[in-house]
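So the structure is just underneath, and the comments pick up after that.
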Amino acid sequence: MIRFPDSPSVTRDPSRTPGAVRSSGALRRAALAALASLTLGACGGEPEQGIARGEALFDTCVPCHGADGAGNAALAAPAIAGLPQWYLEAQLENFQNARRGGHPQDTAGIRMKSMSWALDLEGDVQSVAEYVASMPPVAALNTLEGGDPAAGQASFQTCVACHGADGKGNEMMHGPPLVGQADWYLLAQLRKFKDGWRGTDPQDTWGATMRPNAMLLDEAAMENVVAYIRTLR
Ligand code: HEC
Ligand code: HEC
């Protein structure tokens, strides 16, 4: 059963131009329509889950995350190709349960939350996560300038325990890889953690371990640490 969720807060946000709202709504409708045809095409019975199903489901992600999964700054969609399966699953479940995208001002998170609801057959989340994790990682397009990487390197020492000295993540601590992710997205997420748009839901155990780290950083320190992460490979 496909739901067509609406996210009224997207259209209510005065900071977005009507044109941008229309185009993101159109994108979501296109993605949902693709998903509907995919599910109906299965013609009775549940589709078999697994990486092939995941590849088919990925068609619905392409309008925002790109065919290569490198993301799209204009749509606030991050790079997802090659992220670890455990992290992809955890985030898709976070969106489905509004542990992410639950704040009324978080328009980008709300958009992704609506999309996550379309993955509603048992095993859809795992299948699409398996496929996305198998995609070759593509370095996302950076858009920011400035920030002091040397100062950022110093504050990055507090991040190492959970994201690794190389920024490639730490599964045991549930810290995702940061390397290769777009700088604008990293900065946006740090702000969301700090402002309590992410990591505040009582059930978001792992987000709660990240939030205090963002709260220690002011805007300049965030820009500096992101400038340092940009230098990692
Ligand atoms: C309508 C546009 C849109 C579509 C379609 C879409 N996404 Fe997203 N996605 C986003 C946006 C915007 C974000 C960033 C949300 C935020 O800022 O918290 C996001 C974030 C994510 C994240 C979090 C990444 C991270 O590093 O934490 C994952 C995982 C993800 N999307 C997977 C998917 C998958 C899988 C699909 C297809 C089933 C999909 N998305 C379809 C817009 C979209
Ligand atoms: C105590 C462990 C811990 C420390 C220390 C930590 N993080 Fe995190 N971080 C996490 C976890 C866990 C997540 C994933 C949260 C979730 O599941 O939503 C995360 C997520 C993030 C994200 C979002 C990534 C994405 O793809 O959406 C960014 C950006 C980030 N951390 C940056 C940092 C920076 C920069 C530092 C150091 C200043 C830092 N973190 C320190 C645990 C930590």
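Being closer than 21 Å to residue 184 by Cα, basic (Lys, Arg), surrounded by 17 or more Cβ atoms within 10 Å (Cβ to Cβ) and modelled with pLDDT of 80 or more is a property that does not hold for residue 53. Among the numbered conditions (1) more than 30 Å from residue 45 (Cα to Cα); (2) in a helix (DSSP H, G or I), the only one that residue 166 does not meet is (2). Among the residues of the stretch 187-226, the ones that are more than 20 Å from residue 110 (Cβ to Cβ) and assigned to a loop (DSSP other than H, G, I, E, B) come to 3 in all. Scanning the stretch 163-173 finds one or more residues that are over 21 Å from residue 92 (Cβ atoms) and acidic (Asp, Glu).
Looking across the stretch 178-208, the residues that are of a type in the set (Phe, Trp, Tyr) and within 11 Å of ligand 1 (Cβ to nearest atom) come down to 184, 185, 193, 197.
Take residue 138 and decide whether it is more than 21 Å from residue 205 (Cα to Cα), touching a residue at least 24 places away in the same chain (Cβ under 8 Å) and touching a Phe, Trp or Tyr at 6+ places or on another chain (Cβ under 8 Å).
Numbers: more than 21 Å from residue 205 (Cα to Cα): yes; touching a residue at least 24 places away in the same chain (Cβ under 8 Å): yes; touching a Phe, Trp or Tyr at 6+ places or on another chain (Cβ under 8 Å): no.
Judged against the criteria, residue 138 is not a match.
Criterion applied to 111, 99 was being modelled with pLDDT of 95 or more and either over 30 Å from residue 227 (Cβ atoms) or near ligand 1 (Cβ under 10 Å from one of its atoms) (or both), and the one residue passing it is 111. Could you check, for the stretch 148-161, whether at least one of its residues is within 14 Å of the chain's Cα centre (by Cα) and either modelled with pLDDT of 95 or more or of a type outside the set (Lys, Arg) (or both)? Checked against the condition, which is being within 14 Å of the chain's Cα centre (by Cα) and either modelled with pLDDT of 95 or more or of a type outside the set (Lys, Arg) (or both), the stretch 148-161 yields no hits at all. Selection of helices (runs of 4 or more DSSP H) fully inside the stretch 34-145 by the criterion of at least 1 residues being within 16 Å of ligand 2 (Cβ to nearest atom) and hydroxyl-bearing (Ser, Thr, Tyr) returns 85-96, 107-117. Screening the stretch 170-193 for residues that are more than 9 Å from ligand 2 (Cβ to nearest atom) and touching a residue at least 24 places away in the same chain (Cβ under 8 Å) and picking the one that is surrounded by the fewest Cβ atoms within 10 Å (Cβ to Cβ) gives 171.
In a loop (DSSP other than H, G, I, E, B) and of a type in the set (Phe, Trp, Tyr), is that true of residue 184?
Values: in a loop (DSSP other than H, G, I, E, B): no; of a type in the set (Phe, Trp, Tyr): yes.
Here the answer is no, as residue 184 does not meet what is asked.
The values are calculated or read from the model by the stated rules, or taken from the named source; none is laboratory data. Predicted model, so just to flag it, every value in this text is computed and none were measured. Note that we place each Cβ from the backbone using ideal geometry, even for glycine, and neighbour counts take in every protein chain shown.
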